[in-house]
1. State the number of residues belonging to region 50-95 that are more than 17 Å from Tyr111 (Cβ to Cβ), of a type in the set (Gly, Ala, Ser) and at pLDDT 95 or above.
2. If a residue must be at pLDDT 90 or above and closer than 21 Å to Ala75 by Cβ, how many such residues does region 104-120 contain?
3. Given the options Tyr111, Tyr104, name the one that is buried (at least 19 other Cβ atoms within 10 Å of the Cβ), more than 24 Å from Gln35 (Cβ to Cβ) and not hydrophobic (A, V, I, L, M, F, W, C).
4. What number of residues within region 69-91 are outside any helix (DSSP H, G or I) and within 13 Å of Thr121 (Cα to Cα)?
5. For Ala40, all conditions in the list (1) under 22 Å from Ala102 (Cα atoms); (2) surrounded by fewer than 21 Cβ atoms within 10 Å (Cβ to Cβ) hold save one; what is the number of the exception?
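The values are calculated or read from the model by the stated rules, or taken from the named source; none is laboratory data. The structure presented is a predicted model; accordingly, all values stated were derived computationally and were not measured. Cβ: placed from backbone, ideal geometry, glycine included. Neighbour counts: every protein chain shown.
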Amino acid sequence: MLQPQSLIRVPSRQIPVACTYRVRAHRVSGSSTGQIAAVAGYNIGVILGVLGRLEEAVAAYDLVLDRYGGDPAPALRKQAARALVNKGVRLGLLGRSEEEIAAYDLALDRYGDDPALREVTERA
């Protein structure tokens, strides 16, 4: 995952390039197409959030959730859980507390019983 602190050093005009290279790195590691897309979508949400483009970050997380939120594959469930928790964070920063709480509740409902996702859902 691209760490927010490393993105601060990336000029905004180079972010699409950074995302492209991130996706290529996952291809090399043998990830499935779905995993690559889910990680890339999540990372785009992170990047947009770091840039203060919170509405766009929420939209990026929604895309990950729409595409992979119901997928049973563990790697995709992890990305969907992370997207849902981060969506809640961004909604909170936008002052949309009811939606923030709903996102956290949904994260706990969907993924809270999965021991492999406990680290993710503890943030909800």
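1. At the first step, the residues of region 50-95 found to be more than 17 Å from Tyr111 (Cβ to Cβ) are 50-60, 63, 90-95.
When the remaining residues are screened for being of a type in the set (Gly, Ala, Ser), the result is 52, 57, 59-60, 92, 95.
Okay, now just the ones that are also at pLDDT 95 or above, so 92, 95.
Within region 50-95, residues that are more than 17 Å from Tyr111 (Cβ to Cβ), of a type in the set (Gly, Ala, Ser) and at pLDDT 95 or above number 2.
2. Just the residues of region 104-120 that are at pLDDT 90 or above, to begin with: 104-111.
Next, only the ones that are closer than 21 Å to Ala75 by Cβ stay: 106-111.
Summing the residues that are at pLDDT 90 or above and closer than 21 Å to Ala75 by Cβ in region 104-120 gives 6.
3. Working: Tyr111 fails: more than 24 Å from Gln35 (Cβ to Cβ).
Being buried (at least 19 other Cβ atoms within 10 Å of the Cβ), more than 24 Å from Gln35 (Cβ to Cβ) and not hydrophobic (A, V, I, L, M, F, W, C) holds for just one of Tyr111, Tyr104, which is Tyr104.
4. Applying the first criterion (outside any helix (DSSP H, G or I)) to region 69-91 yields 69-73.
Then drop every residue that is not within 13 Å of Thr121 (Cα to Cα), which leaves none.
Selection size over region 69-91: 0.
5. (1)
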